[in-house]
Amino acid sequence: MIFYILIFTFLSFYLFIIVKRAKKYKYNQTNNYIYNLEKKFIKDIFLKGNSFTLEKELENFDTLFLKLYLSKNIYSYFFKPYIEIEGIKHYFEFGAAGTRYLNISHLQNHDVKVNLNHLKLKAGVLKLYGYKNNIDLSQNNILILAPHADDAEIAAFGLYKTASNVTIVTTTAGEHGLCNYCDLYPNDKTKSSLKKAQLRAIDALTVPLFGNIAIENSLALGYFGGTIQWMRENPDKEAVSFVTGINDMNQNRKVSHSVVGLNRRVKATYKEFLNDLDSIIKYTKPDIIITPHPIIDSHPDHKYTTLALLEVLQNSTIKSKLLLYTNHLTLSESYPTGFIHSSISLPPNQNLFPFDSLFSFSLDKDLQIDKFFALESIHDLRDSFLQTSIKKVLKHLKKLIKRVIFSKDKSYFRRAIRANELFFVVEDIESFSKKMI
């Protein structure tokens, strides 16, 4: 009798875990991912056993995706399903089924062996799509817009460390939101927020040094966190911080050291924000601008930074290509799924959104390790092991348990230290802007 009670308890607990894992995605993980890549279709790929052969696709395209169909598999509810190709793991959701896209841009060999783990393919015929983006990191001028002092590293550290001509602009101070340092300032949220803004401004200027970006090519504009949307909707008014007692944005504005000539002191208005972006674009003349995708990134600062950029580009004679990223996927903050050093593929998506092509930038292990140290140097991203109270110890322990048991891990180390960085490319900015603005 005791044996059956134990078995029932174990199964009930595991069923509870499965349900919790499924809920973390905030979408049905058995639904198809919806993308229309047909204009870039190359050919059908026929699996022979667990292998297939490519011809000249590796030489002709910089980014390759396979469309595949996952069948429901009971094992995928208990073990994280993944496909391994040439040492890179491509993870899917617990209980995943339906249409998915496999990023195979990293392939080096024409004869490809596919190892399936805890999943089954619905059919042996896969569809191959390819993109040639003609991006020259040694020659192109690159501008990166980071709404906060970690976004450039999370989205594009590997790319910008490899590139030769890069300017990084952090648009907001990011002083509001999580009270990161309230343990140190238990009775003064204003002081805690001021310290957060100060540290983020320092990180915005210094962390890019890990990626060989000279400090004069990093700027912190200092606009109050969470206010870009408000400024856009109230263009004649001056914004103030959501944190009581913080009214002067210029204490977080770090531009005087930069090669880009900007006013050292400005008012927190949308006009000044647009003027800043316009001046930066005129000086840097970027061939490529890396910025959040305004539809699939859920954070308002991300969305409205890019919308402001589009307004400026509409009145600019400078022609740029956009590489769009998401650090806060609207559908689920669990994206990308899986563990560090694995691949980033197309995100879960239920509605079509605009882009012209896809670009996957590969990171070798050394570059991934460099990215780890860059992220580890950003104050807000650290998992603090300095426990200042019993409450914080228990909070940290709870977070670790959720990561291990429920796979509920929003850590940017897990999400960002990957075998590649993925961007949605926009070349027709005029057409894209009409859909966005």
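Structure notes:
- Pick from region 183-212, criterion crowded, with 17+ Cβ neighbours inside 10 Å and hydrophobic (A, V, I, L, M, F, W, C), ranking: farthest from I154 (Cα to Cα): L194
- Pairs meeting the criteria (first residue in region 352-377 and more than 22 Å from N212 (Cα to Cα), second residue aromatic (F, W, Y) and not in a strand (DSSP E or B), beta carbons under 9 Å, at least 6 apart or on different chains) are L352/Y35; P354/F432; F355/F432; D356/F432.
- Single condition I215 does not satisfy, out of (1) buried (at least 17 other Cβ atoms within 10 Å of the Cβ); (2) in contact with a helix residue (DSSP H, G or I) (Cβ under 6 Å, 6 or more places away or on another chain); (3) modelled with pLDDT of 95 or more: (1)
- All positions within region 58-107 that are of a type outside the set (G, A, S) and closer than 16 Å to S357 by Cα: N60, F61, D62, T63, L64, F65, L66, K67, Y101, L102, N103, I104
- Take the conditions (1) buried (at least 21 other Cβ atoms within 10 Å of the Cβ); (2) of a type in the set (V, I, T); (3) within 24 Å of D136 (Cβ to Cβ); T305 misses just one of them, which is (3).
- Count of residues meeting criterion [more than 25 Å from H302 (Cα to Cα) and among the acidic types (D, E)] in region 172-198: 2
- Filtering Y75, Y35 for residues that are outside any loop (DSSP other than H, G, I, E, B), among the aromatic types (F, W, Y), out of contact with any Ser or Thr (no Cβ under 8 Å at 6 or more places or on another chain) and surrounded by fewer than 19 Cβ atoms within 10 Å (Cβ to Cβ) leaves a single hit, Y75.
- For region 222-242, the count of residues that are closer than 24 Å to G158 by Cβ and either modelled with pLDDT under 95 or not in a helix (DSSP H, G or I) (or both) is zero.
- Residue within region 309-326 that is aromatic (F, W, Y) and within 20 Å of A96 (Cβ to Cβ) present: no
- Exactly one residue out of F46, F13 is out of contact with any Asp or Glu (no Cβ under 6 Å at 6 or more places or on another chain) and at pLDDT below 90, and it is F13.
- Only listed residue being aliphatic (A, V, I, L, M), in the same structural domain as N165 (by TED's automatic domain parsing) and surrounded by 17 or more Cβ atoms within 10 Å (Cβ to Cβ), chosen from L310, L346, L358: L310
- One residue from A156, A163 being more than 18 Å from D297 (Cβ to Cβ) and among the hydrophobic types (A, V, I, L, M, F, W, C): A163
- Criterion (more than 24 Å from K282 (Cα to Cα) and either surrounded by fewer than 24 Cβ atoms within 10 Å (Cβ to Cβ) or in contact (Cβ under 8 Å) with a residue 60 or more places away in the chain (or both)) met by exactly one of A239, A220: A239
- Just one of (1) farther than 18 Å from S258 by Cβ; (2) out of contact with any helix residue (DSSP H, G or I) (no Cβ under 8 Å at 6 or more places or on another chain); (3) surrounded by fewer than 24 Cβ atoms within 10 Å (Cβ to Cβ) fails for T162. It is (2).
- In the set (1) over 22 Å from the mean Cα position of the chain (by Cα); (2) touching a residue at least 40 places away in the same chain (Cβ under 8 Å); (3) assigned to a strand (DSSP E or B), G95 fails one condition alone, (3).
- Of all residues making up region 243-275, the number that are touching a residue at least 60 places away in the same chain (Cβ under 8 Å) and under 18 Å from T305 (Cα atoms): 3
The values are calculated or read from the model by the stated rules, or taken from the named source; none is laboratory data. A quick note: this is a predicted structure, and the numbers were derived from the prediction, not measured. Because the Cβ atoms are built from the backbone with ideal geometry, glycine has one as well, and the counts that use them run over all protein chains shown.
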